[in-house]
Amino acid sequence: MSTITSILLKDALDRDDIITLLGADNPTDIELIRLTAEKIMRDKCGPDVFYRGLIEFSNHCICDCYYCGIRKSNAAVNRYILPKDDIAASAKWCADQGYGSVVLQSGERRDEAFIDFLADVIAEIKSSTTSEKMPDGVGITLSVGEQSPETYKRLYDAGAHRYLLRIESSNPHLFASIHPPAQDQQTRIDCLKSLRDTGFQVGTGVMTGIPGQTVADLADDVLFFRDMDVDMIGMGPYIVHKATPMNIYYDYYNYAKDEIFQTALLMIAVCRIVLGDVNIASTTALQAMRDNGREEGLRYGANVIMPQTTPVNVRRDYLLYEGKPCLDEDVRHCRTCLEKRIHSIGRKIAVDVWGDSKRALRRQC
Ligand code: 5AD
């Protein structure tokens, strides 16, 4: 029996097992891992793909992450915040299409005006999307960064119930190498704990292919997700953006691209194998690397997709990385295009449901 097969037959994997799986580099081993992850996904979560309409409602940001295209020091970015009515209209459009949930994502701001604005938007979306099919309106996931426990409580009370905050890397040295000193990894961990205490379903994730990252780092990321007992995971490949300090890694990135993509897929599979019934997103960054990247993510065990529903007029101003797909496509086009892609791999889309992870539902029992 091959090493990979014997690992895949175990009930619980240790760090060395995870390192071995993530380091798989021959097609037979990779396919074995993929098939195992896909089976676990079908057994524990079912075949449905859950949609979250992604609304990138503002690119103002007080952070200066070295990898991110909308970092505060990038003066070339045209900064925007969508009017409340436009955000609510996008969410209503999602609800009318049967997308049971939306993600409100933005650059990071912690000032009172912003939090007031966001709490109002959440309440407005909730009241304007209630229907017979969805008596509690669409599910709202937030992705607006590090906030105080009081702010998290306020946003939760306003009606949001899931929150994504990536740890980017669980290795403190690697985290420090891609963030300015003022941005502290421990703060992020504290935020994740505070989100859980507030009552949110909590999601986190990392980027794969950060320069200097090893397979052991990624294995530790998986163990971090497990130990934090998260409900959702959103990960993707790191992609260079020219207007960032990390643009010095262009050559590295071009050289390592294929491996970064494959590792990103293996991370999805290994998270599915180790964590079981969590929700795992197949993120847009995968499609930025390969046209069929998001379908591949689903084939490796992901069960969530975030269709682009940001109004087209601001989409080009929300470029975290280069090569972001669907910049000009009308939201209706994105909808039919994605639908075809999902059906092409034999999966179906769940409609009019929030699509909470089985793990989160189990926690509530
Ligand atoms: N490449 C890939 N992902 C990125 N993100 C930000 N910049 C990049 C990049 N250059 C991801 C981060 C962040 C999420 C919103 O987007 O992981 O948490």
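How many residues does the range 324-347 hold that are closer than 23 Å to TYR80 by Cα, at pLDDT 90 or above and loosely packed, with under 15 Cβ neighbours inside 10 Å? Within the range 324-347, residues that are closer than 23 Å to TYR80 by Cα, at pLDDT 90 or above and loosely packed, with under 15 Cβ neighbours inside 10 Å number 1. If you go through the range 206-241 and keep only what is within 24 Å of ARG294 (Cβ to Cβ) and touching a Phe, Trp or Tyr at 6+ places or on another chain (Cβ under 8 Å), you end up with MET207, THR208, GLY209, ILE210, ILE233, PRO237, TYR238, ILE239, VAL240, HIS241. You will find that of TYR80, TYR51, TYR66, TYR99, the residue that is within 16 Å of the ligand (Cβ to nearest atom) and hydroxyl-bearing (Ser, Thr, Tyr) is TYR66 and no other. Among the residues of the range 163-205, the ones that are among the basic types (Lys, Arg), away from the ligand (no atom under 12 Å from the Cβ) and in contact with an Asp or Glu (Cβ under 7 Å, 6 or more places away or on another chain) come to 0 in all. Annotation for the range 296-316: at least one member residue is in a loop (DSSP other than H, G, I, E, B), surrounded by fewer than 21 Cβ atoms within 10 Å (Cβ to Cβ) and within 16 Å of the ligand (Cβ to nearest atom).
Among the residues of the range 41-62, those identified as more than 30 Å from ARG109 (Cα to Cα) and surrounded by fewer than 19 Cβ atoms within 10 Å (Cβ to Cβ) are ARG42, ASP43, LYS44, GLY46, PRO47, ASP48. Within the range 137-162, track down each residue that is assigned to a strand (DSSP E or B) and more than 16 Å from the ligand (Cβ to nearest atom). Hits for the range 137-162 are GLY139, ILE140. Give PHE200, PHE224 a once-over and let me know the one that is out of contact with any Ser or Thr (no Cβ under 6 Å at 6 or more places or on another chain) and among the hydrophobic types (A, V, I, L, M, F, W, C). When all the criteria are applied, what remains is PHE200. Are any of the residues in the range 231-241 in contact with a helix residue (DSSP H, G or I) (Cβ under 8 Å, 6 or more places away or on another chain), assigned to a helix (DSSP H, G or I), over 17 Å from GLU322 (Cα atoms) and not basic (Lys, Arg)? Checking the range 231-241: not a single residue is in contact with a helix residue (DSSP H, G or I) (Cβ under 8 Å, 6 or more places away or on another chain), assigned to a helix (DSSP H, G or I), over 17 Å from GLU322 (Cα atoms) and not basic (Lys, Arg). Scan the range 163-181 and report the pairs whose first residue is among the aromatic types (Phe, Trp, Tyr) and whose second residue is part of a loop (DSSP other than H, G, I, E, B), with Cβ atoms within less than 7 Å and a gap of 6+ or a chain change. Final answer for the pair search is TYR163/PHE200; PHE175/SER169. Taken as a whole, the structure places ARG34 among residues that are modelled with pLDDT of 95 or more, charged (D, E, K, R), in a helix (DSSP H, G or I) and surrounded by 20 or more Cβ atoms within 10 Å (Cβ to Cβ). Within the option set ILE81, ILE140, ILE87, ILE115, being of a type in the set (A, V, I, L, M, F, W, C) and either modelled with pLDDT under 95 or more than 17 Å from HIS60 (Cα to Cα) (or both) holds for one residue only, ILE140. Taking the listed residues ILE122, ILE189, the one that is over 16 Å from the mean Cα position of the chain (by Cα) and either over 27 Å from VAL270 (Cα atoms) or part of a loop (DSSP other than H, G, I, E, B) (or both) is ILE122, with no other qualifying.
The values are calculated or read from the model by the stated rules, or taken from the named source; none is laboratory data. Model, not experiment: these values are computed from the prediction. Here the Cβ is made from the backbone with ideal geometry for all residues, glycine too, and neighbour counts use every protein chain on show.
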